[in-house]
Amino acid sequence: MAKRPSSAGSDRRSQSTATTEVRLEKDTMGEMTVPADVLYGASTQRAVLNFPVSGSPVPREIISAYATLKAACATVNFKLKRLDKKRCDLIIKACDEIADGLPSRGGWEKHFPVDVFQTGSGTSTNMNVNEVVANLVCLTRGAPIGSSKDPVYLKGGGIHPNDHVNMGQSSNDTFPTAIHIAAARAIASDLLPAVQRMGKKLQQQAKAWDKIVKIGRTHLQDATPIRLGQEFSGFASQMTHAESRLRQAVIALGELAIGGTAVGTGINAHEDFDRMVCEELTRTTGIKFRKAENHFEAQHAKDACVEASGQLKTIATSLTKIAADIRLMGMGPRCGIGELVIPAVQPGSSIMPGKVNPVIAEALIMVCGQVIANDSAVTFGNLGALNSTLDLNVAMPLIARNLLESIRLLARGCDMFTTNLLEGLKPDEARCKALIEGSLAMCTSLVPVIGYDKSAALAKDAFKQGKTVRQLAYETVVGQKDNAGKVITREDIDAYLNPWSMTLPGGEGSAGG
């Protein structure tokens, strides 16, 4: 095995002391030296050299989705009698090992190194997967890595990365298909359960806190009373809508481009290939996949990804609202609103002893900011004038990276928020009651009794005199006649200013009713 000095940038000590074994491979462009212990080949190595951009490889979810897809394609090609049973089984075995993360081969990172900022069709990643599958088969069959293009090896039942692993496929239909598989699977297995768990907790809190009356606020100013449970029921409803949006996103992503090959015409693929692969993917993943209604739309544009990303952005705005409101209601502990007691999870200041900050809410809000930014990148990736030009979208790795990161961030953010904040969140009932009694907005319920103008004057005078609306109403309204001509009593004032009744339609009801 040949050796060559390793490149370590400007670190001359590394260059002078470290060596890396390599092997020589060939592709359609000629010879290429490849690290001896990796499972990829010449095409992947060219991509590694061509795209030294971010240092971040294509998302793991895409590689896993590719393994699922290649196994399904092999199964269908066998059923269509285009691939023999032995080769089919070898490909599936290799794909299973990839799906498991290649733990015995040093992990995914070593064998799937192509930067996410690469060729816009994802061709480098498709070839990367093809080469790794083929070389895993080499190892299974006791052949050296890199034997996959040896005519003698192939004649004896070996696997060629293009002729067998990529049979009936193109990067142009496999990469968009892998995006859809990866995103749909991540939503179904990770994000949807996290959203459901958060929604369930919010619904429990809405029910448990429904008898706690607090002051409502509009424009950040005091408004009429509202029950804490009512506010949290709104949060819970946002998460119910989030569930519906995620289910719709999975439906949109369920339409796959596979079978369209190069430009959507299906050249080199069997006419039933698309349908049968979708059926096989549905069987193996448990997610309903279907062939594209129009392969040209499916490959030339990525509208379904934009739709899914838009749903994620909407959920991000919902989560921002929830986190920001809870943070605001927990402001204090003594000099703010203080209606909620947010669990203390870490010290909040390096200079102010005893200070505790709402860090979990802040972290979720930042997650949502990143998701909203990611949506812009996904949208940019699908803009026809730039990237979906003519017969192929050429920004698919960009779309994949941002769409999958949004799913991952939202799933983890929801779990973090539920576990580290909602589970320990408590109301301060005494604070809620005290703020209501001091609110000038209490006079709203007197409008049907003494009129808008007199109620407004009462609120202004109460503020000037430093009294509550109830105190001043005892002094100035008791003994007067209401709009119906009935003399107002002290008991009437207490009934009119009953905070609970103000949280009901029409402002009627009894305390605790």
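Pairs linking a residue in the stretch 159-170 that is on the phi > 0 side of the Ramachandran plot to a residue that is in a loop (DSSP other than H, G, I, E, B) and modelled with pLDDT of 95 or more, with Cβ atoms under 8 Å and 6 or more positions apart or on different chains, are Gly168/Arg82; Gly168/Gly259; Gly168/Thr261; Gly168/Asn268; Gly168/Ala269; Gly168/His270. Hey, among the residues in the stretch 349-367 that are of a type in the set (A, V, I, L, M, F, W, C) and more than 19 Å from Ala411 (Cβ to Cβ), which one's surrounded by the most Cβ atoms within 10 Å (Cβ to Cβ)? Per the stated criteria, the residue is Val359. Just to be sure before I move on: is Leu69 among the aliphatic types (A, V, I, L, M) and not in a helix (DSSP H, G or I) in the structure I sent? No.
Under the condition of being in a helix (DSSP H, G or I) and in contact with a Leu (Cβ under 7 Å, 6 or more places away or on another chain), the residues counted in the stretch 15-61 number 1.
Selection within the stretch 206-236: residues that are over 19 Å from Met331 (Cα atoms) and either assigned to a helix (DSSP H, G or I) or among the acidic types (Asp, Glu) (or both). The member of this set that is nearest to the chain's Cα centre (by Cα) is Ala236.
Scanning the stretch 64-102 for residues that are within 21 Å of Gly259 (Cβ to Cβ) and either among the aliphatic types (A, V, I, L, M) or modelled with pLDDT under 95 (or both) yields Ala65, Ala67, Leu69, Ala71, Ala72, Ala74, Val76, Leu80, Leu83, Ile91, Ile92.
Matching residues to (1) under 30 Å from Asp210 (Cα atoms); (2) assigned to a helix (DSSP H, G or I); (3) modelled with pLDDT under 95:
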| position | (1), (2), (3) |
| --- | --- |
| Leu410 | yes, yes, no |
| Ser445 | yes, yes, yes |
| Tyr474 | yes, yes, yes |
| Val478 | no, no, yes |
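Among residues of the stretch 377-395 that are assigned by TED's automatic domain parsing to the domain that holds Cys305 and under 12 Å from Asn172 (Cβ atoms), those with a beta-carbon under 7 Å from a residue that is surrounded by 14 or more Cβ atoms within 10 Å (Cβ to Cβ) and of a type in the set (Lys, Arg) at least six positions away or on a different chain give the pairs Asn393/Lys302.
Here His164, His180 are screened, and the one residue that is more than 23 Å from the chain's Cα centre (by Cα) and assigned to a helix (DSSP H, G or I) is His164. Look at (1) out of contact with any Phe, Trp or Tyr (no Cβ under 8 Å at 6 or more places or on another chain); (2) in contact (Cβ under 8 Å) with a residue 60 or more places away in the chain; (3) crowded, with 19+ Cβ neighbours inside 10 Å; (4) over 17 Å from Ala42 (Cβ atoms) and you find that Cys95 fails only one, number (2). From the residues in the stretch 122-157 that are in contact with a Phe, Trp or Tyr (Cβ under 7 Å, 6 or more places away or on another chain) and of a type in the set (Gly, Ala, Ser), which one is farthest from Ser171 (Cα to Cα)? If we take residues in the stretch 122-157 being in contact with a Phe, Trp or Tyr (Cβ under 7 Å, 6 or more places away or on another chain) and of a type in the set (Gly, Ala, Ser), then Ala143 is farthest from Ser171 (Cα to Cα). Is it true that Gly506 is at pLDDT below 90, on the phi > 0 side of the Ramachandran plot and part of a helix (DSSP H, G or I)? It is true that Gly506 is at pLDDT below 90, on the phi > 0 side of the Ramachandran plot and part of a helix (DSSP H, G or I).
The values are calculated or read from the model by the stated rules, or taken from the named source; none is laboratory data. Note that the structure is predicted; figures quoted are calculated from it, not measured. Cβ: placed from backbone, ideal geometry, glycine included. Neighbour counts: every protein chain shown.
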